[in-house]
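Trainee: Attaching a single structure in structure tokens format; questions to follow.
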Amino acid sequence: MGSVAGSGELGVRLLDPDGAPVSHPEFAPRLGIEELKSCYTAMLRARLMDETAMALQRQGELVLWIPLRGQEAAQIGSVRAASPADFLFPSYREHAVAWDRGLPPVAVLALLRGLTHGGWDPRAYNFANYALVLASQTLHAVGYALGMRLDQRRGLLPPPATAVGPAGAAGAADATGPADGTAAGGAVLVYLGDGAMSQGDANEAFVWAASFAAPVVFFCTNNQWAISTPAARQSPIPLAERARGFGFPGVRVDGNDVLAVHAVTAWALERARAGAGPALVEAYTYRMGPHTSSDDPTRYRPAAELDQWRALDPLDRVARALAPACDQDWFAEQQAAAEAAAAALRAECLALPDPPADAFFDDVLVAQTEEARAQRGWFRDYQESFQV
């Protein structure tokens, strides 16, 4: 296999839009029917909670919302490929990843309601806080991955397993092996968008990762638009092909195919855990909504393009694949459960208390210094001076 696995513009595909299975020469599905049902439930829940959050923003309850509609398969397929020992670095749209990783859904909304600068303890979920500075998380991820390698050498983490294949050869890993991370201690999975691929930080991260064979997988969600700039203007070639210039494999996958996303991401993570170095996964998908709640995509995006991608909806694809095994009652139960989760999220968001005015001091330093305590005291006195 060359630097990009897969045939056709959309990349590796294991599930057609009509729900029919597709064979691929290098990748095979790793999810059975029960796992696929679980993916559908998670994707549906994420979509309805995303819609609820967007409505909350429109009603003035959130400062901003960053919708994920259309990217459910890319997010759930990739996070389900990660093991508990893997550490994940999100960008700012990975809500489904966060929720599937175990974060309380309201924690994400608290961040975008302006109540916290972080929202969760990364160590509790092996999931970093959101990165709003474009591509900054790629450098953080490589640094963390190199730290994991050093901890392995010091005996603080399990050592890598025997290498699964020649470093730099996409497809060298067994595409049907286990994806639970039991072969080695762990790896890093970092999310970035097509716009971030044009940033210097991302390219520096690729250099560092390749130079030191860091156990990191770069997961690029190519949703076609970096705000109003189309991906085609940023790169005349598929983004996955850029990896070859840095010396590691890149694979484009149909980002609306949860089976393919899971299989390719699992392969890349196994390869990283085994010590074979980094890989780039490009999930070719589409942002169905605005870039954020402050954006108006009708000003730059043709309506025909949106209609074309609606026919490739990732949630509908899984539903069609499950139709022979699941009756309408099952689908109705999933819909009701997702609606209940969305309603609960709305209630939890509205019940969030306002933080104390000096709460922003809490997460600046691990241990408070005398200087920090003095600054906090000054700030409290300043706030109290306004009270009558």
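Trainee: Does residue 232 satisfy the condition of being hydrophobic (A, V, I, L, M, F, W, C), under 30 Å from residue 306 (Cα atoms), assigned to a helix (DSSP H, G or I) and without any contact (Cβ under 8 Å) to a residue 24 or more places away in the chain?
Mentor: Values: hydrophobic (A, V, I, L, M, F, W, C): yes; under 30 Å from residue 306 (Cα atoms): yes; assigned to a helix (DSSP H, G or I): yes; without any contact (Cβ under 8 Å) to a residue 24 or more places away in the chain: yes.
So residue 232 fits the description; yes.
Trainee: Sticking with this one: Charged (D, E, K, R) and either modelled with pLDDT under 95 or closer than 21 Å to residue 138 by Cα (or both), is that true of residue 80? Spell out the reasoning first.
Mentor: Working: charged (D, E, K, R): yes; either modelled with pLDDT under 95 or closer than 21 Å to residue 138 by Cα (or both): yes.
Spelling it out, residue 80 is indeed charged (D, E, K, R) and either modelled with pLDDT under 95 or closer than 21 Å to residue 138 by Cα (or both).
Trainee: Scan the stretch 14-34 and tell me whether some residue there is at negative phi and in a helix (DSSP H, G or I). Before the answer, list the steps.
Mentor: If we filter the stretch 14-34 for residues that are at negative phi, which is where we start, we get 14-18, 20-34.
Add one more test, that the residue is in a helix (DSSP H, G or I), and what stays is 33-34.
Taking every residue of the stretch 14-34 in turn, at least one turns out to be at negative phi and in a helix (DSSP H, G or I).
Trainee: Right, something else. Does the stretch 214-228 include one or more residues that are more than 18 Å from the chain's Cα centre (by Cα), assigned to a strand (DSSP E or B) and surrounded by fewer than 19 Cβ atoms within 10 Å (Cβ to Cβ)?
Mentor: no
Trainee: I need the full set of residues from the stretch 295-322 which are open to solvent by 60 Å² or more (accessible area, probe 1.4 Å), assigned to a loop (DSSP other than H, G, I, E, B) and more than 21 Å from residue 46 (Cβ to Cβ), in order please.
Mentor: Step one: of the stretch 295-322, the residues open to solvent by 60 Å² or more (accessible area, probe 1.4 Å) are 296, 298-299, 302-304, 307-308, 310-311, 316, 320.
With the extra rule that they be assigned to a loop (DSSP other than H, G, I, E, B), the set shrinks to 296, 302, 311.
Listed by number, the residues that qualify are 296, 302.
Trainee: Answer with yes or no whether residue 96 is open to solvent by less than 10 Å² (accessible area, probe 1.4 Å) and modelled with pLDDT under 95. Give the derivation first.
Mentor: Values: open to solvent by less than 10 Å² (accessible area, probe 1.4 Å): yes; modelled with pLDDT under 95: no.
It is false that residue 96 is open to solvent by less than 10 Å² (accessible area, probe 1.4 Å) and modelled with pLDDT under 95.
Trainee: Go through the stretch 334-358 and count every residue that is open to solvent by 80 Å² or more (accessible area, probe 1.4 Å) and closer than 24 Å to residue 74 by Cα.
Mentor: 1
Trainee: Go through 387, 383 for me and flag whichever is at negative phi, over 27 Å from the mean Cα position of the chain (by Cα), of a type in the set (S, T, N, Q) and open to solvent by 90 Å² or more (accessible area, probe 1.4 Å).
Mentor: Details: 383 fails: open to solvent by 90 Å² or more (accessible area, probe 1.4 Å).
So the residue among 387, 383 that is at negative phi, over 27 Å from the mean Cα position of the chain (by Cα), of a type in the set (S, T, N, Q) and open to solvent by 90 Å² or more (accessible area, probe 1.4 Å) is 387.
Trainee: Just the residues that are open to solvent by less than 40 Å² (accessible area, probe 1.4 Å), farther than 15 Å from residue 65 by Cα and in a loop (DSSP other than H, G, I, E, B), please, taken from the stretch 127-147.
Mentor: 128, 135
Trainee: May I ask you to list the residues in the stretch 63-84 that are more than 18 Å from residue 130 (Cα to Cα), outside any loop (DSSP other than H, G, I, E, B) and among the aliphatic types (A, V, I, L, M)?
Mentor: 73
Trainee: If you don't mind, there's one more thing I want to ask. Which condition breaks for residue 325 when tested against (1) open to solvent by less than 20 Å² (accessible area, probe 1.4 Å); (2) among the aliphatic types (A, V, I, L, M); (3) not in a helix (DSSP H, G or I)?
Mentor: (1)
Trainee: Would you check if residue 365 is assigned to a loop (DSSP other than H, G, I, E, B) and either more than 30 Å from residue 223 (Cβ to Cβ) or touching a helix residue (DSSP H, G or I) at 6+ places or on another chain (Cβ under 9 Å) (or both)?
Mentor: Values: assigned to a loop (DSSP other than H, G, I, E, B): yes; either more than 30 Å from residue 223 (Cβ to Cβ) or touching a helix residue (DSSP H, G or I) at 6+ places or on another chain (Cβ under 9 Å) (or both): yes.
It is true that residue 365 is assigned to a loop (DSSP other than H, G, I, E, B) and either more than 30 Å from residue 223 (Cβ to Cβ) or touching a helix residue (DSSP H, G or I) at 6+ places or on another chain (Cβ under 9 Å) (or both).
Trainee: Does residue 215 satisfy the criteria of being in contact with a strand residue (DSSP E or B) (Cβ under 8 Å, 6 or more places away or on another chain) and within 19 Å of residue 27 (Cα to Cα)? Steps first, please.
Mentor: Values: in contact with a strand residue (DSSP E or B) (Cβ under 8 Å, 6 or more places away or on another chain): yes; within 19 Å of residue 27 (Cα to Cα): no.
Considered against the rule, which asks whether it is in contact with a strand residue (DSSP E or B) (Cβ under 8 Å, 6 or more places away or on another chain) and within 19 Å of residue 27 (Cα to Cα), residue 215 comes out as no.
Every residue, every condition in (1) in contact (Cβ under 8 Å) with a residue 24 or more places away in the chain; (2) more than 24 Å from residue 286 (Cα to Cα), yes or no:
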{"position": "82", "(1), (2)": "yes, no"}
{"position": "94", "(1), (2)": "yes, no"}
{"position": "107", "(1), (2)": "no, yes"}
{"position": "115", "(1), (2)": "yes, yes"}
{"position": "125", "(1), (2)": "yes, yes"}
{"position": "128", "(1), (2)": "yes, yes"}
{"position": "135", "(1), (2)": "yes, no"}
{"position": "145", "(1), (2)": "yes, yes"}
{"position": "150", "(1), (2)": "no, yes"}
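Trainee: Could you list, in sequence order, all residues of the stretch 261-289 that are over 15 Å from the mean Cα position of the chain (by Cα), of a type outside the set (Phe, Trp, Tyr) and farther than 16 Å from residue 209 by Cβ?
Mentor: Answer for the stretch 261-289, where residues must be over 15 Å from the mean Cα position of the chain (by Cα), of a type outside the set (Phe, Trp, Tyr) and farther than 16 Å from residue 209 by Cβ: 263, 270, 288, 289.
Trainee: Can you name the residue in the stretch 191-212 that is open to solvent by less than 40 Å² (accessible area, probe 1.4 Å) and of a type in the set (A, V, I, L, M, F, W, C) and, of all such residues, is farthest from residue 128 (Cα to Cα)?
Mentor: Out of the qualifying residues, it is 210.
Trainee: Any residue at all in the stretch 343-358 that's outside any loop (DSSP other than H, G, I, E, B) and either modelled with pLDDT under 95 or in contact with a Phe, Trp or Tyr (Cβ under 8 Å, 6 or more places away or on another chain) (or both)?
Mentor: Among the residues of the stretch 343-358, not one is outside any loop (DSSP other than H, G, I, E, B) and either modelled with pLDDT under 95 or in contact with a Phe, Trp or Tyr (Cβ under 8 Å, 6 or more places away or on another chain) (or both), which makes the answer no.
Trainee: Please verify whether the stretch 58-65 includes one or more residues that are of a type in the set (S, T, N, Q) and open to solvent by 10 Å² or more (accessible area, probe 1.4 Å).
Mentor: Initial filter on the stretch 58-65 (of a type in the set (S, T, N, Q)): 59.
Now narrow it down to the ones that are open to solvent by 10 Å² or more (accessible area, probe 1.4 Å): 59.
Yes: the stretch 58-65 contains one or more residues that are of a type in the set (S, T, N, Q) and open to solvent by 10 Å² or more (accessible area, probe 1.4 Å).
Trainee: Please go through the stretch 240-261 and give me each residue that is open to solvent by 10 Å² or more (accessible area, probe 1.4 Å) and under 27 Å from residue 100 (Cα atoms), ordered by number.
Mentor: Passing the criteria: 252, 259.
The values are calculated or read from the model by the stated rules, or taken from the named source; none is laboratory data. Nothing here was measured: the structure is a model prediction, and the numbers come from that model. Cβ: placed from backbone, ideal geometry, glycine included. Neighbour counts: every protein chain shown. Accessible surface areas use protein heavy atoms only, side chains included; no ligands, DNA or RNA. Shrake-Rupley method; radii C 1.70, N 1.55, O 1.52, S 1.80 Å.
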